[in-house]
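Down below is the structure, laid out as structure tokens.
The values are calculated or read from the model by the stated rules, or taken from the named source; none is laboratory data. Since the model is a prediction, treat every value here as computed from it, not as a measurement. Cβ sites come from the backbone with ideal geometry, for glycine too, and all protein chains shown count toward neighbours. Note: areas computed on protein heavy atoms with side chains; ligands, DNA, RNA excluded. Shrake-Rupley method; radii C 1.70, N 1.55, O 1.52, S 1.80 Å.
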Amino acid sequence: MPEHMKPFDIKRPCYAMASKNGTDAEITLYGDVVERRPVDWWTGKEIEGSFIIQDEFLEDLKAVAGCKRVTIRLNSYGGDAVVGMLIHNRLREMARGGTALTCVVDAVAMSAASVIMSACDTVQVNATGLVMIHKAAAFQFGWYNADDLGEEKAALDQYDSAIAAAYARKTGMAQEELLTMMGETTYLTGKDAVELGFADELLEDAEPLKLAASADGT
């Protein structure tokens, strides 16, 4: 079997990447998107939790790069906008190289996770799933004058434009309309996501089984 078609099975605390044949792979992403594992301010100890950590994820993603079809199962409240954009761009690089990317929103794809979701050309969302988009935010601590805050606003505006570009590629919507939706922190049900182009297919439960009477009770 060629090197790029070898099976693999990578397990991290909040995600997994696996392929039985080196051609079809599945990635399970359940956790918050972060640049590095957060630490407790007072103790300096790492905080336990489900975190999709930038360097770990990108290193593991190399194993998937040669696959022809990749399914991403997603459940994430989001996290670091830059990491979300970075993962989005790496996935788009794979797509341009011929990898067919499918995202299945198992529960929620919010904030930075919705950017990752938008990298996939096929997005399937459950009827009970949610997609949320909003504008980038920055934590501030200290004293700032108007010039300082103006520079911060200009930077955040650029982040918002970059994120909106990812949504626009996926949905075909105008960036100005998307920026308005982001400014309002918009939550989309599975049905809404399909109607607006964030998702391509609504996954609904099977129709209830219809029962009929029979003479022998079967």
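Structure notes:
- Kirkwood Rh and Cα Rg combined as Rg over Rh, evaluated for the chain: 1.07
- The stretch 64-218 - percent of accessible surface contributed by carbon and sulfur, probe 1.4 Å: 53 percent
- Quotient of the Cα radius of gyration of the stretch 1-106 and 2.2 N^0.38 Å, N being its number of residues: 1.12.
- For the chain, the longest principal axis of the alpha carbon atoms and the long axis of helix 81-96 meet at an angle near 50°.
- For the chain: accessible area per residue (Å², 1.4 Å): 58 Å²
- Long pairs among K135/K170; K11/K68; K11/K45; K45/K153; K62/K170; K62/K153, criterion Cα-Cα beyond 26 Å: K45/K153; K62/K153
- The stretch 17-76 - Rg and Dmax from Cα coordinates, angstrom: 14.2, 46
- Those chymotrypsin sites (Phe, Trp or Tyr not before Pro) in the stretch 41-105 that DSSP places in a loop and that have at most 10 other beta carbons within 10 Å: W41, W42
- Total formal charge among the other residues, if their Cβ is under 13 angstrom from that of I133, Lys/Arg +1 and Asp/Glu -1: -2
- Summed over qualifying helices (DSSP H, 4 residues or more, each -39500 (n - 2.57)) and divided by its residue number, the chain shows a 222 nm mean residue ellipticity of -10500 deg cm²/dmol.
- Ellipsoid semi-axes for the stretch 65-116, based on the Cα gyration tensor and the rule √(5λ), read 20, 14, 6 Å when sorted largest first.
- Our coupling estimate for the stretch 162-175, obtained by passing each phi through the Karplus curve with A = 6.51, B = -1.76, C = 1.60 and θ = phi - 60°, is 5, 5, 4, 5, 5, 5, 5, 4, 6, 8, x, 7, 6, 4 Hz, Gly and Pro reported as x.
- Note on T189: accessible area is roughly 60 Å² with a 1.4 Å probe, heavy atoms of protein only.
- Taking a sphere under 12 Å around the Cβ of R73 and counting the other residues whose Cβ falls inside, with K and R at +1 and D and E at -1, yields a net charge of -2.
- For L130, the residues whose amide H sits under 5 Å from its own are V108, A109, ignoring neighbours fewer than 5 places away on the same chain, with H placed 1.01 Å from N.
- Tail fraction, Cα-Cα pairs, the stretch 1-52, threshold 15 Å, whole percent: 58 percent
- I53 sits among other residues whose Cβ lies under 9 Å from its own Cβ, and their net charge, with Lys and Arg +1 and Asp and Glu -1, is 0.
- Karplus-derived 3J(HN,Hα) values for the stretch 43-50, using 6.51 cos²θ - 1.76 cosθ + 1.60 with θ = phi - 60°, are 9, x, 8, 5, 7, 6, x, 8 Hz; glycine and proline are entered as x.
- Globularity ratio of the stretch 83-152, using Cα Rg and 2.2 N^0.38 Å: 1.50
- Listed by chain and number, the aspartates and glutamates whose C-alpha is less than 14 Å from the C-alpha of K20, apart from same-chain residues fewer than 8 away, are E3, D9.
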